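Contents: one structure, followed by commentary.
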Amino acid sequence: MAKLERTECTFVVKESDGGIPYVLAEPTTASGQLIGFNLTPGATLDDAHKIAKFMRAHISGVSMSWSMAG
């Protein structure tokens, strides 16, 4: 049996300690999983903002599924 969890989210730009930009699916509800999207090498902070803007315009949430042993 698999469990499916849906979370409404928005997409924000973050930077790693090394200054590498990535996009984070940040839950807009009280609970939810954090999902980060690593960008291809060489992606700039400006690229990350464009990607996050596109994702906010076209994606309202994420769904995750995983198997439950039993």
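The values are calculated or read from the model by the stated rules, or taken from the named source; none is laboratory data. Note that the coordinates shown come from a computational prediction; the quantities given were computed from them, not determined experimentally. When we count neighbours, we look across all protein chains shown, and the Cβ atoms used for this are built from the backbone with ideal geometry, even at glycine.
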Conditions (1) in contact with a helix residue (DSSP H, G or I) (Cβ under 8 Å, 6 or more places away or on another chain); (2) at pLDDT below 95; (3) charged (D, E, K, R); number of the one not met by E26
(1)
Please note which strands (runs of 3 or more DSSP E) are completely contained in segment 1-66 and include at least 2 residues that are in contact with a Gly (Cβ under 9 Å, 6 or more places away or on another chain).
2-15, 21-27
Hits in segment 52-70 - residues which are polar (S, T, N, Q) and under 14 Å from F11 (Cα atoms):
S60
Out of all the residues in segment 44-51, is one or more loosely packed, with under 12 Cβ neighbours inside 10 Å, under 15 Å from V12 (Cα atoms), hydroxyl-bearing (S, T, Y) and without any contact (Cβ under 8 Å) to a residue 60 or more places away in the chain?
yes
Report, by residue number, each residue of segment 1-13 that is of a type outside the set (S, T, Y) and either under 14 Å from the mean Cα position of the chain (by Cα) or surrounded by 12 or more Cβ atoms within 10 Å (Cβ to Cβ) (or both).
E5, R6, E8, C9, F11, V12, V13
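Being acidic (D, E), out of contact with any Pro (no Cβ under 7 Å at 6 or more places or on another chain) and in contact (Cβ under 8 Å) with a residue 12 or more places away in the chain is the filter here, so list the residues in segment 9-43 that pass it. Walk me through it before giving the result.
Narrowing segment 9-43 to residues acidic (D, E): 15, 17, 26.
From what is left, the residues that are out of contact with any Pro (no Cβ under 7 Å at 6 or more places or on another chain) are 17, 26.
Scanning segment 9-43 gives a single hit, E26.
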Can you name every residue in segment 14-33 that is among the hydrophobic types (A, V, I, L, M, F, W, C) and either over 22 Å from K3 (Cα atoms) or surrounded by 11 or more Cβ atoms within 10 Å (Cβ to Cβ) (or both)?
I20, V23, L24, A25
